[in-house]
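The next block holds one structure in the form of structure tokens; read it before the comments.
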Amino acid sequence: MAYKGANDGEQMQSNKEGQGIDQKIKKAPLPHDEAFKKLLQTFFAEFIALFFPELDRLLDHSHTRLLMQEQLVDIVGEEAKHLDLLLETKYTVLDAYVLIHFEPQSYKKKLFHERMFIYFSRLFERHRKEHKLIIPIAIFTSDQIRDEPDTLLMAIPEHDILRFQFLKVELRKQDWRRFMESDNPVAAALLAKMGYTKKEAREVRLAYLRMILRIRKKLDDARLALIMSVADIYFQPDREQDEAILLELSELYPEEGEAIMELMPAWKRWGYEEGIERGIEQGIEKGIEQGIEQGIEKGKEEIIRKFLNKGFSPAEIADTLELPVGEVLKLIKQ
């Protein structure tokens, strides 16, 4: 009997989450898995439309609902696993409800294609009477470009015993330029995980912010915040670059001044980071707290100065940054 599958590989973490400012004080790991699952749950229809348009035409999304987490155990009972995301939706061709199983994967996992089959077989065992079709989808978010195996085949000469193939999306293999004009919120959230060179990083950042400006009127505040929070996990902050991009956007979209500033509350983020660094240098808890406050104040001063240079009044600055006018005036005097 022939058995074809992936080559064995060592499990390795491809994307180190969170880097320390020094060896003593480190940033907390980024909540990648939870954020990604929330994205898929909230924008299920948009995800399918973006990456699987043919499947999208066969689904009636008005019947989509999230199912409770299921705990599955592998064949030899060594591993208990909660499925990352399981949804039920209507499949129009069969006029029946089907299951969609999403499995995001951020690092290389040994024999992942076998695990996908195990999950599928357990779902089939439990739900075959209620659901005529189970569609497994893997989303690979690694920073490395790989050809992830998606098929499990068992065969003897002239006869296939088993052929299992799941759907997959390998984000690093996606050309970001294909999506830069899209109004799909999932495309905006995942643009930074797609394939681009270091030289293109600034273009990607600018394209992302332009996408947010286009789609922000179509989404409520909570959904927009979700899109931006997922994207922020993947973008590496670059203060000088971000300042230049904000200025460029303000020139391209002069009527969107306030909206542009809301895209990146730079004075909050940069001020906090500078404060942390100052606090670490002082090496004591009180110094850290004071450093944070000083960093935030410095960030405010810089952003207010830029507003003043653009001709904004203190009242307009206060309204945009959601600060008391008196505080703005005080910072201007300082």
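No lab work stands behind these numbers, since they all come straight from the coordinates. What you see is a predicted model, and the numbers here were worked out from it, not measured in a lab. Heads up, the Cβs are rebuilt from the backbone with ideal geometry, glycines too, and the neighbour counts pull from every protein chain shown.
How about region 141-184: which GluC sites (Glu not before Pro) there lie in a loop by DSSP and see at most 13 other Cβ atoms within 10 Å? Intermediate values should be presented prior to the final figure.
Numbers: sites: 158, 170, 181; in loops: 158, 181.
The qualifying sites are 158, 181.
How much length is gained if the chain between residue 203 and residue 218 is pulled fully straight, taking 0.36 nm per residue apart and subtracting their Cα-Cα distance, in nm to one decimal? Please list the in-between numbers first.
Numbers: separation 15, 0.36 × 15 = 5.40 nm, distance 2.37 nm.
Between residue 203 and residue 218, full extension yields an extra 3.0 nm.
If the limit is 23 Å between Cα atoms, which of 108/129; 109/168; 90/129; 173/218; 217/330 go over it?
Values: 108/129 34 Å; 109/168 15 Å; 90/129 15 Å; 173/218 28 Å; 217/330 34 Å.
From the list (108/129; 109/168; 90/129; 173/218; 217/330), the Cα-Cα distance tops 23 Å for 108/129; 173/218; 217/330.
Between the DSSP loop rule and a limit of at most 15 other Cβ atoms within 10 Å, which trypsin sites (Lys or Arg not before Pro) in region 120-178 are left?
On the way: sites: 122, 126, 128, 129, 132, 146, 163, 168, 172, 173, 177, 178; in loops: 128, 129, 132, 146.
Listed in order of number, the matching sites are 128, 129, 132, 146.
Could you give me D for region 129-232, from Stokes-Einstein at 37 °C and 0.692 mPa s, where the hydrodynamic radius is the Kirkwood radius over C-alpha pairs? Units µm² s⁻¹, please.
After rounding, the answer is 202 µm²/s.
So for region 175-264, Kirkwood radius off the Cα pairs, Stokes-Einstein at 20 °C and 1.002 mPa s: how many µm² s⁻¹? Write down the numbers at each step before the final one.
Working: Rh = 13.2 Å.
Answer from the Stokes-Einstein relation: 163 µm²/s.
Only loop residues by DSSP count here, and only those with at most 13 other Cβ atoms within 10 Å; note down the trypsin sites (Lys or Arg not before Pro) in region 210-259 that meet that. Write out the running numbers ahead of the final one.
Working: sites: 210, 214, 216, 217, 218, 223, 239; in loops: none.
Those that pass, being in a loop and sparsely packed, number zero.
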